[in-house]
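What follows is a set of notes on a single structure, which appears directly below.
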Amino acid sequence: MPCYEMSLIVKSLPKGSLVQTVKRVAESVLDHGGYMRKIESLGSRELPYKMKAHGRVHQRGSYFLLQFEAPATAITDINDTCIRDVDLVRRSIFKVEPPPQFQCTLSEEVKPPAYRSEVQKMIEEANKSLPINIRKKFKMNTGLDHYPFGH
């Protein structure tokens, strides 16, 4: 199952109701065959702009970040459940991509530029290609025996 991250903005609520709202969202993930990895509260603060949700205008909200794994087919169902929840102002679900694997080449990068393999490859490519004045030289192949615009 792929890993997903859901960001939530919950309307301004007392602590007990806030916990119940986040629990409802987590239970909807569990009901659709997923499991929670992490629930992180990012605090309560003023919203960057007035947001309208479920017929009300909100100026303050609590931010949450939920990490979970669920089948790809269940994401639309989870999103539909969150859309219907009247305590949520905004929600977004993102697929978490694993970080790319790379090989450390610090010993290669510490070398002076003339000794690096990448620089040597670029020098070889530059030597193989012809200079621009040799590549594009104008040839007068008109087929005329004389030049009509001069002597």
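Within the set 47, 42, 30, the sole residue that is buried (at least 16 other Cβ atoms within 10 Å of the Cβ) and closer than 29 Å to residue 97 by Cα turns out to be 47. Here is a check on your reading of the model: is residue 68 open to solvent by less than 50 Å² (accessible area, probe 1.4 Å) and either at pLDDT 85 or above or in a strand (DSSP E or B) (or both)? Yes: the conditions hold for residue 68. Give just the number: which of (1) within 17 Å of residue 96 (Cβ to Cβ); (2) in contact with a helix residue (DSSP H, G or I) (Cβ under 9 Å, 6 or more places away or on another chain); (3) part of a strand (DSSP E or B) does residue 10 not satisfy? Only one criterion in (1) within 17 Å of residue 96 (Cβ to Cβ); (2) in contact with a helix residue (DSSP H, G or I) (Cβ under 9 Å, 6 or more places away or on another chain); (3) part of a strand (DSSP E or B) is unmet by residue 10, namely (1).
Of the residues in segment 92-108, at least one is farther than 24 Å from residue 31 by Cα, aromatic (Phe, Trp, Tyr) and either open to solvent by 70 Å² or more (accessible area, probe 1.4 Å) or part of a strand (DSSP E or B) (or both).
Pairs are defined by a Cβ separation below 6 Å, a sequence spacing of at least 6 or placement on different chains, a first member in segment 40-62 that is assigned to a strand (DSSP E or B), and a second member that is among the aromatic types (Phe, Trp, Tyr); the pairs so defined are 41/64; 42/63.
Which one is most open to solvent (accessible area, probe 1.4 Å) among residues in segment 13-27 that are outside any loop (DSSP other than H, G, I, E, B) and free of Cβ contacts under 8 Å to residues at least 40 places away in the same chain? Walk me through how you get there before you give the answer.
Of segment 13-27, the ones outside any loop (DSSP other than H, G, I, E, B) are 15-27.
Next, only the ones that are free of Cβ contacts under 8 Å to residues at least 40 places away in the same chain stay: 15-16, 19-20, 23, 27.
Numbers: 15: 164, 16: 49, 19: 77, 20: 114, 23: 124, 27: 96 Å².
Top of the filtered list is 15.
The values are calculated or read from the model by the stated rules, or taken from the named source; none is laboratory data. Quantities reported herein were computed from a predicted structural model and do not represent experimental measurements. Because the Cβ atoms are built from the backbone with ideal geometry, glycine has one as well, and the counts that use them run over all protein chains shown. Surface areas here come from the heavy atoms of the whole protein model, side chains and all, with no ligands, DNA or RNA. Shrake-Rupley method; radii C 1.70, N 1.55, O 1.52, S 1.80 Å.
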